[in-house]
Ligand SMILES: Cc1cc2nc3c(=O)[nH]c(=O)nc-3n(C[C@H](O)[C@H](O)[C@H](O)COP(=O)(O)O)c2cc1C
């Protein structure tokens, strides 16, 4: 298991060229979606939405807005990770209800928790709330990349795109959403040179400090 973990993490890379003839099976894609659903977030609020773009013409439009990066249209599946523009008191109440229903406890017992969350979000400026929500999408990306690595499905984490163009193409503003990341997933092309290059990473000493 230890060797497999390291093997999978070394085997994954930001795929530059997908084999567009190879498709991720429905079963595997469902598993990936379930792994995404399980991502952890601050207070468990999950202020995100994952948009799966299937329509070819939309993917081509998004590709243009991503400096032409071919992975957007050539990968088997494209997931756009979006975050909420703002979190309302209603959203917090919905979350508290979800917790109560799931854990079969009375909503009244969670009123304090709800009030605490509302207190935190009220202190945030509009901009800081967006940044906070965006961070949650990055956590989801980590979970997505790791899940794909374990399944030997290739993926490209992407923030190299025009967010305003993505938002316009996907009509996100109307849904209180904005795009944060894109992640095409599928199978690497055999002639993707990036799959053969060595990983460059800082040394343990440079990255860790013991105090
Ligand atoms: C948040 C994030 C955004 C990235 N954006 C892009 C991108 O737009 N296009 C791309 O080809 N690679 C993108 N990358 C890939 C990184 O360049 C790559 O992960 C890094 O160089 C390490 O290489 P590896 O993932 O192949 O090990 C992104 C990675 C992350 C984590």
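The values are calculated or read from the model by the stated rules, or taken from the named source; none is laboratory data. Owing to the predicted nature of the structure, the values given are computational and were not obtained by experimental measurement. Note: ideal-geometry Cβ built from the backbone for every residue, glycine included; neighbour counts use all protein chains shown.
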I'm trying to understand the selection: among the residues of the range 179-211, which are within 10 Å of the ligand (Cβ to nearest atom) and either surrounded by 10 or more Cβ atoms within 10 Å (Cβ to Cβ) or under 24 Å from the mean Cα position of the chain (by Cα) (or both)?
180, 181, 182, 183, 184, 194, 195, 199, 200, 201
Would a scan of the range 100-110 turn up a residue that is within 26 Å of residue 163 (Cα to Cα) and in a helix (DSSP H, G or I)?
no
Only one of (1) under 17 Å from the mean Cα position of the chain (by Cα); (2) in a loop (DSSP other than H, G, I, E, B) is not met by residue 80, so which one is it?
(2)
Quick check on residue 97: is it modelled with pLDDT of 95 or more, over 20 Å from the mean Cα position of the chain (by Cα), surrounded by 13 or more Cβ atoms within 10 Å (Cβ to Cβ) and within 16 Å of the ligand (Cβ to nearest atom)?
no
Among the numbered criteria (1) loosely packed, with under 12 Cβ neighbours inside 10 Å; (2) over 22 Å from the mean Cα position of the chain (by Cα); (3) within 16 Å of the ligand (Cβ to nearest atom), which single criterion is violated by residue 105?
(3)
Only one of (1) within 16 Å of the ligand (Cβ to nearest atom); (2) out of contact with any helix residue (DSSP H, G or I) (no Cβ under 8 Å at 6 or more places or on another chain) does not apply to residue 143, and that is (2)
Please count how many residues of the range 57-90 are farther than 23 Å from residue 14 by Cβ, without any contact (Cβ under 8 Å) to a residue 60 or more places away in the chain and either surrounded by fewer than 18 Cβ atoms within 10 Å (Cβ to Cβ) or within 16 Å of the ligand (Cβ to nearest atom) (or both).
4
I'd like to check something: does the range 152-163 contain any residue that is surrounded by 10 or more Cβ atoms within 10 Å (Cβ to Cβ), closer than 24 Å to residue 68 by Cβ, more than 16 Å from the chain's Cα centre (by Cα) and more than 10 Å from the ligand (Cβ to nearest atom)?
yes
Filtering the range 114-129 down to residues that are touching a residue at least 40 places away in the same chain (Cβ under 8 Å) and surrounded by 19 or more Cβ atoms within 10 Å (Cβ to Cβ), which residue is farthest from residue 71 (Cα to Cα)?
117
If you go through the range 4-29 one residue at a time, how many are part of a helix (DSSP H, G or I), exposed (fewer than 14 other Cβ atoms within 10 Å of the Cβ) and more than 13 Å from the ligand (Cβ to nearest atom)?
6
